[in-house]
Amino acid sequence: MIKNILKGFIIGIGKIIPGVSGSMLAISMGVYERALRIISKIRDMKWSDFLFIISLVIGVFFGISIFSKGVKWLLDEFYFTTMLLFVGLILSGLPEIVKEFRNKKISYSVGLRYLGVFIFAFTFSYFLTKLGAGSFGIGAGNSGTNITLSFSNICIFFVIGLLEAFSSIVPGISGTAIFMSLGCYEMLLSFYENILNPSYWCFGLVFFSGVIIGIFILAKIITFLLSYHKEITYSAIIGFMISSVFIMFLMVYDGKDFVSELFGNPILLFKNIFYIVMGYYLGIKINKLLAND
């Protein structure tokens, strides 16, 4: 149970780092498919399944609540390092996904189908994350530690909850990157920082209602796809993963031509590779250390 709490803790940290996909980290931590199966068949839940889900939820809660207070400082002071370490951490889950395609004869037509799904997932994830900023138009009074209690903000929190569920279930989709592009990341971060404050419980009730509704619906869909169309689903997951990594690079270089930036500066290229390899190595070590018994 302690191992699963630690895994949830890491996933929770990832959920509040812009560009990082919490569900992608769940795959890297080896808990994604089991959690989906349990949620999609909650009526058949066993005691061991209950402990598994609760331990993950506890870990995610503490990861978010503890690191939400320092995430701004972490990104301000060590943005470059943090983002690239998480790139490596996400990529550490790739070998487990690639295993699904090993020792399987794939015809030319089936290979083209997988490639088409990969391209669609990559494109969908990219354009979803790069939505125009300010679509939700969060106004004054929502910055800092205060969120105005209004009907519009309550509706916004329900929609944010649905988006949080979507990014939690669909691998490679970064909820925080979407929230930043929609102009409501600061609002959500303020909520996380004050989640135990009674004045925020109204927002919490609405937010978690959206999360629960979204997760139950999407968990059944993804579980069905993994059960009957596993290779196709993992082709999409790889597309989401590569898109997430690409978007994180764009965020690190803030719209600059990162290809010329990297290859035109050998020292910067080395630092990028070093941090990514460190993140990858850290992810592999964490996976082995927290592997299920």
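The values are calculated or read from the model by the stated rules, or taken from the named source; none is laboratory data. Note that the structure is predicted; figures quoted are calculated from it, not measured. SASA here: full protein model, heavy atoms, side chains in, ligands and nucleic acids out. Shrake-Rupley method; radii C 1.70, N 1.55, O 1.52, S 1.80 Å.
Provide the per residue accessible area, probe 1.4 Å, for the range 1-91, rounded to a whole number of square angstrom.
Each residue of the range 1-91 exposes 44 Å² on average to a 1.4 Å probe.
Could you please put Glu193, Glu164 in sequence from largest to smallest accessible area, using a 1.4 Å probe?
Final ranking, largest accessible area leading: Glu193, Glu164.
Taking a threshold of 22 Å on the Cα-Cα distance, which of the pairs Lys46/Lys220; Lys15/Lys230; Lys3/Lys285 fall above it?
Lys15/Lys230, as the Cα separations exceed 22 Å there.
Quick check: residue separation of Met278 and Ser48 times 0.36 nm, minus the Cα distance between them. What number comes out in nm?
Here the segment from Met278 to Ser48 would lengthen by 79.4 nm.
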